[in-house]
Amino acid sequence: MKKKSPTSTNGANHRCFTKQFNRLVAQAGGQWVVIAGGQVVRTGPKQVLKRMIKEAKARYPGDTPLAAPIPTDQDLQCIL
């Protein structure tokens, strides 16, 4: 079965995550980020993730939001 390629907006969401990664780690490490429309919609703890996704869907109704955990500096040091 052929794998679907991401839509242009999903590609924009992934590019936004990559571009903002260092800032997100520095400012919100250990939390979650929700990105939609190629923009960071909100960061917050896992307990409010559903609410953040709902907000992203309301702001960008034609987009599938990207939700991802943000590693901490310490998490990244363990990887290296």
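Give me the percent of accessible area attributable to carbon and sulfur for the chain, probe 1.4 angstrom. Of all accessible area on the chain, carbon and sulfur atoms account for 53 percent. Our summary gives the chain a relative contact order of 34 percent, counting only alpha carbon pairs under 8 angstrom and 6 or more residues apart.
Taking all protein chains into account, the per residue accessible area for the chain stands at 73 Å² (1.4 Å probe). Taking a ≥ b ≥ c as the square roots of the eigenvalues of the Cα gyration tensor, the chain is classed as oblate, since a/c reaches at least 1.5 and a/b does not exceed b/c.
Rounded to the nearest 10 square angstrom, THR72 shows an accessible area of 40 square angstrom against a 1.4 Å probe.
By a 1.4 Å probe calculation restricted to protein chains, ARG59 has an accessible surface near 120 Å², given to the nearest 10.
The values are calculated or read from the model by the stated rules, or taken from the named source; none is laboratory data. Keep in mind it's a predicted model, so treat the numbers as computed, not measured. Note: accessible area is taken over every heavy atom of the protein model, side chains too, but ligands, DNA and RNA are not part of it. Shrake-Rupley method; radii C 1.70, N 1.55, O 1.52, S 1.80 Å.
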